[in-house]
Amino acid sequence: MKMSRCLLAVTLVLSPTLTASADSPALQPYGFVRLDGILNDSPMNSAQSPGWVLSEVANPTDPDQVAKDQGEINIHPRLTRFGVNIAKTTVGNDVSIAGKIEADFQNGGSESRQAVRMRHGYFTVSRGVWEVLAGQTWDVISPLYPFVNHDSMMWNSGNPGDRRPQLRFSLRPQVGEGNARIAVAVATPNAINNRDLDGNGIRDGSYAMLPAMQGLAELDLSAILIGVSGHFHRDRVVVDTGTALAESDFDATLLAGHVKIPVGKRLTVIGEAFTAQNADDVRAGIGQGINQALNKEIRTVGGWGEIRVQLNQRWSVAAGGSVDNPKDADLSDGMRTKNQAAYGGLGLRALDRVQVGLEFIHWKTDYVNAPDGDANRVDLWGRMSF
């Protein structure tokens with residue numbers, strides 16, 4: 001009922017524009033209904049949107065400690081998604097406009113009263129090989145995604161990038177028999193970590209008076225995709241030196257590379273690698289960006305890689321691994337020092353518009369001078385698209 005009301009509201013808001021003239025863009029609704037059944041044999045930081053395994057103690061003596069191998073089960077429909085594409089329309093002088101609004105329910109609330117979350121909300125203006133995008137959508141960086149873990153997408157485990165508000169300029173020229181993509185975005189810092197370390201009511205990236213900057217260069221030649229991307233923003237924190245207030249700047253940087261290579265007709269090798277510092281706002285560093293005790297950025301390296309096989313029109317399989325490895329010298333006791341996973345997934349198009357999947361992930365998270373955590377995660381899911 002709530003989803004129907006949301007779709008109706010979007011339609012009512014847009015309909016005056018859409019019906020104003022024959023040249024107005026048309027709405028193209030889409031989405032799916034999905035249910036996930038998840039079993040973790042050890043506690044993670046989130047049952048539904050996991051990033052790392054909690055430190056486990058064999059015989060807890062403190063209520064704050066996590067007992068080893070005390071698992072959890074979760075069944076949820078939060079990844080159910082609905083969206084509306086505003087079809088690309090020419091408005092004059094070879095200029096085209098388009099847009100997208102998309103939401104799901106992974107935004108808090110109770111398990112029977114889930115809150116709506118906006119995933120995408122943007123419009124584009126394009127002419128020839130140029131495009132301008134304004135609104136919220138995926139980061140420019142790290143544009144590929146693993147086969148498994150459709151909620152948190154192996155964030156903080158080797159796959160950086162998320163969604164954020166941005167103004168993006170893209171160029172897509174033809175290069176020989178292939179195509180290139182060059183993109184630059186001015187974006188919101190702290191969109192993910194919402195960081196305010198000094199508690200002055202202003203996000204640290206906003207206080208630095210600089211937007212986040214992202215860039216990407218990519219080449220697609222005969223289905224072989226290769227590219228590099230980067231991110232920069234600055235956090236500014238007010239600190240008490242004991243005699244006066246001062247400001248400390250912490251730079252957030254990430255440099256990433258990605259590749260996708262078909263091997264024959266059915267097999268594809270795909271992966272990404274990165275080096276970064278203060279990168280928790282782009283889902284790197286295992287959720288750690290600044291070590292206040294050492295007054296320094298946390299450096300990290302990582303990546304992920306997998307092999308995907310399309311067995312036939314109905315069956316697909318994949319296997320891979322990922323790692324996020326912050327530098328030990330930048331960490332203090334109790335912080336996460338390495339996060340790695342090995343995984344496999346199976347997908348089946350059971351019926352027209354109906355898909356089911358089974359995923360297994362073995363996760364291990366190491367800590368500085370604290371017990372590590374390891375978990376086996378199984379996710380059985382099904383969805384019907386519309």
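The values are calculated or read from the model by the stated rules, or taken from the named source; none is laboratory data. Bear in mind the structure is a predicted one, so any value in this text is a computation, not a measurement. Quick reminder, even Gly has a Cβ in these numbers, built from the backbone with ideal geometry, and neighbours come from all protein chains shown.
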Discussion item. So GLY287 ticks every box in (1) of a type in the set (Gly, Ala, Ser); (2) closer than 25 Å to GLY373 by Cβ; (3) touching a His at 6+ places or on another chain (Cβ under 8 Å) but one. Which box is left unticked?
Written reply: (3)
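Based on what the data block shows, is LYS327 surrounded by fewer than 16 Cβ atoms within 10 Å (Cβ to Cβ), within 22 Å of ALA276 (Cβ to Cβ), at pLDDT 95 or above and out of contact with any Pro (no Cβ under 9 Å at 6 or more places or on another chain)?
Numbers: surrounded by fewer than 16 Cβ atoms within 10 Å (Cβ to Cβ): yes; within 22 Å of ALA276 (Cβ to Cβ): yes; at pLDDT 95 or above: yes; out of contact with any Pro (no Cβ under 9 Å at 6 or more places or on another chain): yes.
Answer is yes for this residue.
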Worksheet item: Looking at GLN70, GLN136, GLN106, which is the one that is within 28 Å of ALA342 (Cβ to Cβ), buried (at least 19 other Cβ atoms within 10 Å of the Cβ), free of Cβ contacts under 8 Å to residues at least 60 places away in the same chain and not basic (Lys, Arg)?
Response: GLN106
Response to the item:
Per the filter on segment 134-168, residues over 19 Å from ASP220 (Cβ atoms) and in a strand (DSSP E or B) are ALA134, GLY135, GLN136, THR137, ARG163, ARG164, PRO165, GLN166, LEU167
Worksheet item: From the list ALA273, ALA284, which one is surrounded by 17 or more Cβ atoms within 10 Å (Cβ to Cβ) and touching a Pro at 6+ places or on another chain (Cβ under 8 Å)?
Response: ALA284
Discussion item. For segment 54-69, give me the residue count where each residue is assigned to a loop (DSSP other than H, G, I, E, B) and touching a strand residue (DSSP E or B) at 6+ places or on another chain (Cβ under 9 Å).
Written reply: 8
Discussion item. With the requirement that a residue be in a loop (DSSP other than H, G, I, E, B), modelled with pLDDT under 95 and either crowded, with 17+ Cβ neighbours inside 10 Å or at negative phi (or both), what does segment 203-253 give you?
Written reply: THR241, THR243, ALA244
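Being buried (at least 20 other Cβ atoms within 10 Å of the Cβ), assigned to a strand (DSSP E or B), touching a Gly at 6+ places or on another chain (Cβ under 7 Å) and among the small types (Gly, Ala, Ser) is the requirement here; does GLY373 meet it?
It is false that GLY373 is buried (at least 20 other Cβ atoms within 10 Å of the Cβ), assigned to a strand (DSSP E or B), touching a Gly at 6+ places or on another chain (Cβ under 7 Å) and among the small types (Gly, Ala, Ser).
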Item to complete: Give me the pairs, please: first residue somewhere in segment 227-240 and within 16 Å of GLN214 (Cα to Cα), second residue anywhere and surrounded by fewer than 20 Cβ atoms within 10 Å (Cβ to Cβ) and of a type in the set (Asp, Glu), beta-carbon distance under 6 Å, and either six or more positions apart or on two chains.
Response: GLY227/GLU218; ARG234/ASP249; ARG234/ASP251
